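Data block below; observations after.
The values are calculated or read from the model by the stated rules, or taken from the named source; none is laboratory data. In this text, all values refer to a predicted model and were calculated from it rather than measured experimentally. Here the Cβ is made from the backbone with ideal geometry for all residues, glycine too, and neighbour counts use every protein chain on show. All accessible areas refer to the heavy atoms of the entire protein, side chains included, with ligands and DNA or RNA removed. Shrake-Rupley method; radii C 1.70, N 1.55, O 1.52, S 1.80 Å.
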Amino acid sequence: MNNEKKINELQAEINGLKIILRDNDYKTIKYAEGCISDSDFAIHKAKRAEYRAKINELEDELERLLNENE
């Protein structure tokens, strides 16, 4: 797979994960407002941490590929 195609795929995956995070922000706000219990929010919080970790991993790989193309 050439770098340009891989870069596009990484950007698409990053954007998709960011959309998932943004679309679920309302649950975080409801938790902050006290409308969701700690136990109900725990799964959501863990999933968001997974998404952020994956985004960081993909962004590191993307940066590496972009630097190779310079």
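Considering only residues that are β-branched (Val, Ile, Thr) and modelled with pLDDT under 95, which ones fall in the range 8-28? Walk me through how you get there before you give the answer.
Initially, the range 8-28 is screened for residues β-branched (Val, Ile, Thr), giving 14, 19-20, 28.
Once the filter is applied, which keeps residues that are β-branched (Val, Ile, Thr) and modelled with pLDDT under 95, the range 8-28 yields only Thr28.
Can you tell me how many residues in the range 13-58 are open to solvent by 80 Å² or more (accessible area, probe 1.4 Å) and polar (S, T, N, Q)?
Selection size over the range 13-58: 3.
Show the residue pairs meeting these rules: Cβ distance below 6 Å; 6+ apart or different chains; first residue within the range 2-16 and in contact (Cβ under 8 Å) with a residue 40 or more places away in the chain; second residue loosely packed, with under 11 Cβ neighbours inside 10 Å.
Asn3/Asn69
Among the residues of the range 46-54, is there at least one that is modelled with pLDDT under 95, under 13 Å from the mean Cα position of the chain (by Cα) and of a type outside the set (Asp, Glu)?
No, the range 46-54 contains no residue that is modelled with pLDDT under 95, under 13 Å from the mean Cα position of the chain (by Cα) and of a type outside the set (Asp, Glu).
Could you check the range 55-70 and list, in sequence order, the residues that are free of Cβ contacts under 8 Å to residues at least 24 places away in the same chain and either within 21 Å of Asn15 (Cβ to Cβ) or within 14 Å of the chain's Cα centre (by Cα) (or both)? Working first, answer last.
Of all residues in the range 55-70, those free of Cβ contacts under 8 Å to residues at least 24 places away in the same chain come to 56-57, 60, 63-64, 67, 70.
Passing the criteria: Asn56, Glu57, Asp60, Glu63, Arg64, Asn67.
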